[in-house]
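FYI, it's all coordinate maths here, none of it is from the lab. Being a predicted model, the structure only gives us computed values, none of them experimental. Positions of Cβ are backbone-derived with ideal geometry, glycine not excepted, and every protein chain shown enters the neighbour counts.
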Amino acid sequence: MELKESAYLLGLDLQTVMSQVRSGFFGTQAQRFQRGQDEIKVWVRYDLSNRKSINNLDDMRIMTPSGERVTLKDIATYTIARGDVAINHLEGQREIKVSADLKDPSSSATDIIDDIKLNVIPEIQSRYPTISTSYEGQNREAVKLSRSLKAAGIPILLLIYITIAFTFRSYSQPILLILLVPFSLTAVAWGHWMLDFPVNILSLLGIIALIGIMVNDGLVLIGKFNSNLKEGMAFDMALSDAGKSRFRAIFLTSVTTVAGLAPLLLEKSRQAQFLKPMAISISFGIAYATILTLLVLPLFLAFSNNIKKSSKWLVTGEEVTKEEVERAIKEQKEEHEH
């Protein structure tokens, strides 16, 4: 709103005029009293019929300091524009919130945020130096998850190691299982690249689930291998039989997991696009992890056995069999001795 010269000649100013307009249309509190436990507020404003149209604003009577009444259109001009719905504050400073959704769900929100940080915000801050920015939404959740993984990732892997070590009473076999995890991440990267999806926060959650499935499949194979050794099988035969006998269980686990996620991977709806990164991480990762469990894990076990056997020969100078250096056989001998 902008006042005309005639308004100033009548002794009016912008604050006085705006105050009367607000009182007439929004209302002003005239009285407040207590009735029982309730507080009653009395507001005074124009009747609805006198404030429902923009023409009512033009014809509104403004009182001058001398007591005269003049119409608003005679003393002021105004333009209709969208104002602030609410003024929010964060830590004592005024806050302006800008929110947006991805136009293309397959785009990377992280890349877009980085582009805003590098190209958009510096230009705004050069014009308005007092502005500070805070990146929320998916970006905030991604940062929180990465911080949580940094803080809890190592302890979680350590707990997995301790649990497996207590189960098999072996220090080396849990390490061999955990070493499979980095190999499976290559399949996760291939899956995102093939389906043209960026790695985001849901991808990381899928990787966490993938680690659990991988460890479970590895436990099945190692458990059968240790049982075969205790039954008197030779090392190579025990390893081969463990892969053959547990092939069906491991393979079916992977197939049913991938099959269950297939409808989500093939879905074209917008809602499904946000969940696909998690499905990609699990399905591609577990498919590759099946090969790792059935082929690479036995190689790791054989390689570990050679290291144990060579170490034993270097320390004692005695030739030992492959079976004698395995923890399952040592544990069996200890049980017989006691």
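Inside region 1-18, residues that are more than 26 Å from Arg82 (Cα to Cα), part of a helix (DSSP H, G or I) and touching a residue at least 40 places away in the same chain (Cβ under 8 Å) make up a count of 1. The requirement of being of a type outside the set (S, T, N, Q), surrounded by 18 or more Cβ atoms within 10 Å (Cβ to Cβ) and in contact (Cβ under 8 Å) with a residue 24 or more places away in the chain is not satisfied by Phe183. In region 54-81, of all residues being touching a residue at least 60 places away in the same chain (Cβ under 8 Å) and assigned to a strand (DSSP E or B), the one that is surrounded by the most Cβ atoms within 10 Å (Cβ to Cβ) corresponds to Ala76.
Here the helices (runs of 4 or more DSSP H) wholly within region 227-338 that include at least 2 residues being closer than 24 Å to Ala187 by Cβ and in contact (Cβ under 8 Å) with a residue 24 or more places away in the chain are 235-266, 270-291, 297-316. The set of residues in region 232-253 that are surrounded by fewer than 15 Cβ atoms within 10 Å (Cβ to Cβ), within 12 Å of Pro298 (Cα to Cα) and not basic (Lys, Arg) comprises Asp236, Met237. For region 277-313, taking the residues that are small (Gly, Ala, Ser) and within 39 Å of the chain's Cα centre (by Cα), the one that is farthest from Glu323 (Cα to Cα) is identified as Ala279. Here Lys330, Lys268, Lys309, Lys322 are screened, and the one residue that is of a type outside the set (Val, Ile, Thr) and farther than 30 Å from Lys230 by Cβ is Lys268.
Screening region 257-309 for residues that are farther than 21 Å from Pro174 by Cβ and among the polar types (S, T, N, Q) and picking the one that is surrounded by the most Cβ atoms within 10 Å (Cβ to Cβ) gives Ser281. Among the residues of region 181-211, those identified as more than 18 Å from Tyr161 (Cα to Cα) and aliphatic (A, V, I, L, M) are Leu185, Ala187, Val188, Ala189, Met194, Leu195, Val199, Ile201, Leu202, Leu204, Leu205.
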